[in-house]
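Have a look at the structure below, then the notes.
Laboratory data are not the source of any read-out in this text; all were calculated from the coordinates shown. What you see is a predicted model; the values in this text were computed from it and never measured. Using ideal geometry, Cβ is built from the backbone for each residue, glycine included, and neighbour counts are taken over all protein chains shown.
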Amino acid sequence: MSDTGDPDDWASDEFGAAQLGDARLTQRLIALARRLLQVAQRWFPQSLDGADLKAGYRFFDNPKVDTDGVQSPHIG
């Protein structure tokens, strides 16, 4: 986590180097992390509305998105 405690920096620091095979997927992951951090006490469907919820489900349903790619920045 960044020294500033800024959620935007946190999301970029944590997921900016995710290996998902497409820079747009990495940016979507960062955006989802930022949003979900703001409402961490809620379930996923309660955290996002309308199009954002649909986009979140599409993101996680994408075959390029897997735990290895998301965790790749954390594994040496």
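Figures for the structure shown
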quantity	calculated
The chain: most fluctuating residue of Gln46, Gln27, Gln19 per GNM, C-alpha cutoff 10 Å	Gln46
Choice from Ala31, Ala55, Ala40 showing the highest fluctuation, given a GNM over the chain with Cα pairs closer than 10 Å	Ala40
Of the DSSP H helices in the chain, those whose Cα atoms cover at least 20 Å axially and whose Kyte score averages -1.0 or more	23-38
Among Ala55, Trp10, Pro73 - extreme Cα towards positive end, dipole of the chain, charges at beta-carbon	Ala55
Student exercise, the chain dipole from Lys, Arg, Asp, Glu Cβ charges, in Debye to nearest 20	380
Per-selection metrics, the chain (Cα): Rg and Dmax in Å	12.4, 37
Over the chain: helical MRE at 222 nm, DSSP H runs n ≥ 4 each giving -39500 (n - 2.57), nearest 500	-17000 deg cm²/dmol
